[in-house]
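The structure appears right after this line, and notes come after that.
The values are calculated or read from the model by the stated rules, or taken from the named source; none is laboratory data. All values derive from a computational prediction rather than experimental measurement. Positions of Cβ are generated from backbone atoms using ideal geometry, with glycine treated the same way; all protein chains shown enter the neighbour counts.
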Ligand SMILES: Nc1nc2c(ncn2[C@@H]2O[C@H](COP(=O)(O)OP(=O)(O)OP(=O)(O)O)[C@@H](O)[C@H]2O)c(=O)[nH]1
Ligand SMILES: [Mg+2]
């Protein structure tokens, strides 16, 4: 309902208060939240229909004189008063006051409307009144009844217009009055056409009507006698309506005050200090503690050592390198990346990832994680009220039970990038084996020369390279070159090992930072955002 008046503001304020109450729920003193909700509920109910306009409907049986009363009250001939029954088939509206009730009437779906010129006798007393002339509720026309039933639920006040013949009609009492007994405060019964009665008959009639209403639990309903034809009692009826209009305006003002008070209470309970975002330092500290707890130093060392071992095996002098075969591979021992097994899986995806054999987090690293978590939560909740800081602490630790497993999974699924950068190992290996072959050929050659000499056979033809005998060059040179190549390769492997270790550390740290973001920071930040949203809403309400 967007009437361009203080009501629209009130509606917006109620919305903000509702938003704040929802956000504060569970984080702030429940009494303050409950009070805000109570005020919202009450205001909503009052505002739902009409803001601070007062919608009064004239309802009743056909021919009771609703349209005549409507005309009398609005001093117009807007409504058709007919002899043929029923006469009125669509609701009709008259509005009083400066504020446009267009949207309200659109919402009520009443296309026929009329703005009443200011009534000099009442001055501004009726400003805000929206008077409806309804069709008859006991109509032979089903549509009339539906229209009445629809509007009865929406209006602020119902004025039941009855006539001396049909005031006790069961259709009215059983279908409307009795079921609406809870709403006695917002109903009125007007006995019309009293000009047709003698004073005694009138008293008799009113007494009877009151008795009937009392028997239905409606003793508090106002009863009046009027005559739309002569104008008797109309002024008094207007006076009563003016009273209702004033009540509603007063109520709207009081509601506005209630909303402010509830907002104030909620703001005090929730806190007004801005929340500090989590600092880079706290996050770094937590990441470092988690990296240690997850065994990142252990893994990076193993990466370096595994590279050295594997590089040594591939590029070392084959005659000696086989000894290294008996050394266990440090990464396989941790059940981590094997060369050639590049894995790219998110640490948070559930999936069959075997646990690593890294030692589980206990003792000092665990205590360090705890304290880093606590420091981060403390920092994020500085200056906040108890409920909010508790919520932030809870959020920071929400996933801490699963944290060791999540971290282990993060480590296990990090691509340690051990597949690349080792093409040259194969080349060196081929050269090494060629050199070994050279040595074997040299040795065989020397051996056969020795056997030939021993058996005094003619010597083998002499081949010399660089003025040295070829078999000697092959044998000694092969060994020396193999050892030299192994030595040079070792330098290359060492450089690679350091680079791999550094890269693995980097990748593992990134994986752990992702775990921190999802498992810790997301919860903390959403709590901070929630606090800020509540604070923003309450700030705007002040
Ligand atoms: N004598 C007398 N006749 C009245 C009075 N009020 C209304 N009437 C007459 O009663 C008849 C019905 O009046 P309406 O105002 O059309 O009644 P209604 O309740 O609007 O009827 P529907 O539109 O059919 O539901 C008309 O002939 C009016 O002239 C009154 O106070 N005194
Ligand atoms: Mg009518």
Note to self: Going by what's in this entry, would residue 306 be described as in contact (Cβ under 8 Å) with a residue 40 or more places away in the chain, at negative phi and assigned by TED's automatic domain parsing to the domain that holds residue 367?
What the structure shows: yes
Margin query: Take the residues in the range 142-157 that are touching a residue at least 60 places away in the same chain (Cβ under 8 Å) and within 14 Å of ligand 1 (Cβ to nearest atom); name whichever of them is surrounded by the fewest Cβ atoms within 10 Å (Cβ to Cβ).
Written below: 151
Checklist line | Residues (closer than 10 Å to residue 534 by Cβ and assigned to a helix (DSSP H, G or I)) located in the range 262-282 | finding: 266, 267, 270
Item checked: Where a residue in the range 57-75 is within 10 Å of residue 228 (Cα to Cα) and its partner, wherever it lies, is outside any strand (DSSP E or B) and near ligand 2 (Cβ under 10 Å from one of its atoms), with Cβ under 6 Å and at least six apart -> 67/79; 67/81; 67/88; 68/81; 70/79; 71/79
Margin query: Residue under question is residue 261, and the condition is that it be within 20 Å of residue 495 (Cβ to Cβ) and either touching a residue at least 12 places away in the same chain (Cβ under 8 Å) or exposed (fewer than 14 other Cβ atoms within 10 Å of the Cβ) (or both); does it hold?
Written below: no
Next item on the list: Give the residues of the range 62-89 that are more than 7 Å from ligand 1 (Cβ to nearest atom) and within 20 Å of residue 171 (Cα to Cα), sorted by residue number.
Entry: 89
Note to self: Here is a list: 238, 211, 253, 285. Which entry is out of contact with any strand residue (DSSP E or B) (no Cβ under 7 Å at 6 or more places or on another chain) and surrounded by fewer than 13 Cβ atoms within 10 Å (Cβ to Cβ)?
What the structure shows: 211
Margin query: Give me the residue from the range 80-95 that is within 17 Å of residue 155 (Cβ to Cβ) and within 11 Å of ligand 2 (Cβ to nearest atom) and, out of that set, surrounded by the fewest Cβ atoms within 10 Å (Cβ to Cβ).
Written below: 90
Margin query: Return the pair list, or none, for Cβ contacts closer than 9 Å from residues in the range 120-141 that are at pLDDT below 80 to residues that are more than 16 Å from ligand 1 (Cβ to nearest atom) and not in a loop (DSSP other than H, G, I, E, B), at least 6 apart or on different chains.
Written below: 122/239; 122/242
Check: Name the residues in the range 96-112 that are crowded, with 18+ Cβ neighbours inside 10 Å, modelled with pLDDT of 85 or more and more than 16 Å from ligand 2 (Cβ to nearest atom), would you?
Finding: 96, 105
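Per-residue answers, yes or no, for (1) at pLDDT 90 or above; (2) under 25 Å from residue 99 (Cβ atoms); (3) under 26 Å from the mean Cα position of the chain (by Cα); (4) surrounded by fewer than 20 Cβ atoms within 10 Å (Cβ to Cβ):
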residue	(1), (2), (3), (4)
8	no, yes, no, yes
16	yes, yes, yes, yes
25	yes, no, yes, yes
30	yes, no, yes, yes
39	no, yes, yes, no
44	no, yes, yes, yes
61	yes, no, no, no
64	yes, no, no, no
Next item on the list: Would you be able to say whether some residue in the range 76-90 is assigned by TED's automatic domain parsing to the domain that holds residue 239, touching a helix residue (DSSP H, G or I) at 6+ places or on another chain (Cβ under 6 Å) and not in a loop (DSSP other than H, G, I, E, B)?
Entry: no
Notebook entry, point to check: Can you list the strands (runs of 3 or more DSSP E) found entirely within the range 92-172 that contain at least 3 residues being closer than 26 Å to residue 197 by Cβ?
Noted result: 157-162
Margin query: Looking at the structure I just gave you, is residue 34 away from ligand 2 (no atom under 13 Å from the Cβ) and closer than 28 Å to residue 165 by Cβ?
Written below: no
Next item on the list: Would you point out the residue of the range 179-200, among those that are closer than 18 Å to residue 169 by Cα and more than 16 Å from ligand 2 (Cβ to nearest atom), that is surrounded by the fewest Cβ atoms within 10 Å (Cβ to Cβ)?
Entry: 179
Notebook entry, point to check: Which of the residues that make up the range 462-479 are part of a helix (DSSP H, G or I) and either surrounded by fewer than 12 Cβ atoms within 10 Å (Cβ to Cβ) or in contact with a strand residue (DSSP E or B) (Cβ under 6 Å, 6 or more places away or on another chain) (or both)?
Noted result: 473
